[in-house]
């Protein structure tokens, strides 16, 4: 499931799950009960509109169409046989992306990406499980679903609410003119409830928002605190937000016009930053002068500096060929440094070592070791009651090549390990066994210190669910 980042414009009048604080727009001209019909509204060869419908693995269907009257807006509908439908108006440019987010388990999103699957609430999907090729699901402790019935129990005057036409939505801001929103949203909700048909989903089953301890005021953090939790300067975070970079999560609320985030969401973001390519690279690095590179690259650089220095300076016959003004050790060392870096830089590509091929070779070799280990367990004539393997041995040369890849290309090593774990799991080998096998092999046959491996593997192996 992709992280949800698209801002809705308005609720459709026939939605079962209204988004708080958004106006209600008449959707009578859209066949919200018929996915093929929704698709047909927008599909016209050579036109400016588009529509699509798809079945969803988790149940039901999802469809969208460009509004026939407003080509800058689109209707997105998600229907589930047990949990009803969401009918939401978006900018047309966002509709296809929103459509794809609903292919996953999420039925609706609230509070800056918190999502509901019909049974429970989960935090915004941020931490990527590379082996499973999906985002980690982290449930929200103490989450409570707030329904339309819950809110309307506290009041709401339907006579003071209003329903807008799609023509009322401002083309530039993507919202109804604030001057026309004269009633509190609770009155808008009461007005929507008044339009519900007799057989419509009960108001107590119409989800409006989520309430949870981690969304209360004392668990919300400011932009400056978010930056501190993420380990970056406040100015860097401001630049990320201004340029749409850094995968900064959507805020959970706005307090006094300032965005705030729940602390667990901020911590998940910081964790994903640590597990990113840059974060993995930080754990395996060395410094030579002003250059910071993986230690294997620095080792190659140093080796070739020595080789070239010997050939250019320490060989008496070759040394006599130098012009008088270059006859100094420092001058020759500068050249040797440059030549050495030329060779070391080749390791970042495919010219010196075919890194991609090496990655696949290591992957296949480790999987073969796992298969051999499992076969030995299954063929053993000694049966120990309750025995379950905690790891399989990996031969020293194979472990050594994995260590070499970690030292020279840590990000490629991370993806190789994830691929091994994922494929091993598909072959019936539990993740804990695969992960402990890799930890053990590196601790026995690797050349880096234990702290470096621990920091690296914390950012590479399976994230904790909660």
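The values are calculated or read from the model by the stated rules, or taken from the named source; none is laboratory data. Please read all numbers here as calculations on a predicted model, not as lab measurements. Because the Cβ atoms are built from the backbone with ideal geometry, glycine has one as well, and the counts that use them run over all protein chains shown.
How do the helices (runs of 4 or more DSSP H) wholly within segment 268-337 filter down when requiring 1 or more residues that are modelled with pLDDT of 90 or more: which remain? Steps first, answer last, please.
Numbers: elements: 277-283, 295-309, 316-319.
In segment 268-337, 277-283, 295-309 are the helices (runs of 4 or more DSSP H) which contain 1 or more residues that are modelled with pLDDT of 90 or more.
All but one of (1) surrounded by 15 or more Cβ atoms within 10 Å (Cβ to Cβ); (2) part of a helix (DSSP H, G or I); (3) not assigned by TED's automatic domain parsing to the domain that holds residue 149 hold for residue 193, so report the exception by its number.
Status for residue 193: all satisfied but (3).
For segment 201-224, how many residues meet the condition of being out of contact with any helix residue (DSSP H, G or I) (no Cβ under 7 Å at 6 or more places or on another chain) and either in a helix (DSSP H, G or I) or free of Cβ contacts under 8 Å to residues at least 12 places away in the same chain (or both)?
The qualifying residues number 5.
Being more than 19 Å from residue 275 (Cα to Cα) and in contact (Cβ under 8 Å) with a residue 24 or more places away in the chain is the filter here; which residues of segment 443-456 pass it?
First, pick out the residues of segment 443-456 that are more than 19 Å from residue 275 (Cα to Cα): 443-449.
Scanning segment 443-456 gives 444, 445, 446, 447, 448.
Limited to segment 225-257, what total is found for residues that are closer than 15 Å to residue 112 by Cα and either assigned to a loop (DSSP other than H, G, I, E, B) or in the same structural domain as residue 147 (by TED's automatic domain parsing) (or both)?
Going residue by residue through segment 225-257, those that are closer than 15 Å to residue 112 by Cα are 226, 241, 247-255.
Those still in the list that are either assigned to a loop (DSSP other than H, G, I, E, B) or in the same structural domain as residue 147 (by TED's automatic domain parsing) (or both) too: 247-252.
Residues that pass the stated criteria total 6.
Could you list all residues from segment 339-381 that are within 30 Å of residue 313 (Cβ to Cβ) and not in a loop (DSSP other than H, G, I, E, B)?
Those that are within 30 Å of residue 313 (Cβ to Cβ) and not in a loop (DSSP other than H, G, I, E, B): 339, 340, 341, 342, 343, 344, 345, 346.
Within segment 21-48, work out how many residues are under 19 Å from residue 169 (Cα atoms), surrounded by fewer than 16 Cβ atoms within 10 Å (Cβ to Cβ) and at pLDDT 95 or above.
Of the residues in segment 21-48, 2 are under 19 Å from residue 169 (Cα atoms), surrounded by fewer than 16 Cβ atoms within 10 Å (Cβ to Cβ) and at pLDDT 95 or above.
How many of the residues in segment 127-154 are under 25 Å from residue 88 (Cβ atoms) and out of contact with any strand residue (DSSP E or B) (no Cβ under 7 Å at 6 or more places or on another chain)?
Selection size over segment 127-154: 6.
Report whether or not residue 51 is more than 26 Å from residue 188 (Cβ to Cβ), assigned by TED's automatic domain parsing to the domain that holds residue 119 and surrounded by fewer than 16 Cβ atoms within 10 Å (Cβ to Cβ). Quick ask: steps written out before the conclusion?
Numbers: more than 26 Å from residue 188 (Cβ to Cβ): yes; assigned by TED's automatic domain parsing to the domain that holds residue 119: yes; surrounded by fewer than 16 Cβ atoms within 10 Å (Cβ to Cβ): no.
No, not satisfied.
Please verify whether residue 347 is farther than 13 Å from residue 413 by Cα, at pLDDT below 80 and touching a helix residue (DSSP H, G or I) at 6+ places or on another chain (Cβ under 6 Å), treating the condition exactly as stated.
Against the criterion (farther than 13 Å from residue 413 by Cα, at pLDDT below 80 and touching a helix residue (DSSP H, G or I) at 6+ places or on another chain (Cβ under 6 Å)), residue 347 qualifies.
Suppose the filter is over 31 Å from the mean Cα position of the chain (by Cα) and either surrounded by 23 or more Cβ atoms within 10 Å (Cβ to Cβ) or over 23 Å from residue 163 (Cβ atoms) (or both); does residue 56 pass it?
no
Please verify whether residue 261 is part of a strand (DSSP E or B) and surrounded by 18 or more Cβ atoms within 10 Å (Cβ to Cβ), treating the condition exactly as stated.
Yes: the conditions hold for residue 261.
Pairs needed: first member in segment 366-385, exposed (fewer than 12 other Cβ atoms within 10 Å of the Cβ); second member anywhere, modelled with pLDDT of 90 or more; C-beta distance under 8 Å; at least 6 residues apart or different chains.
Matching pairs, first to second residue: none at all.
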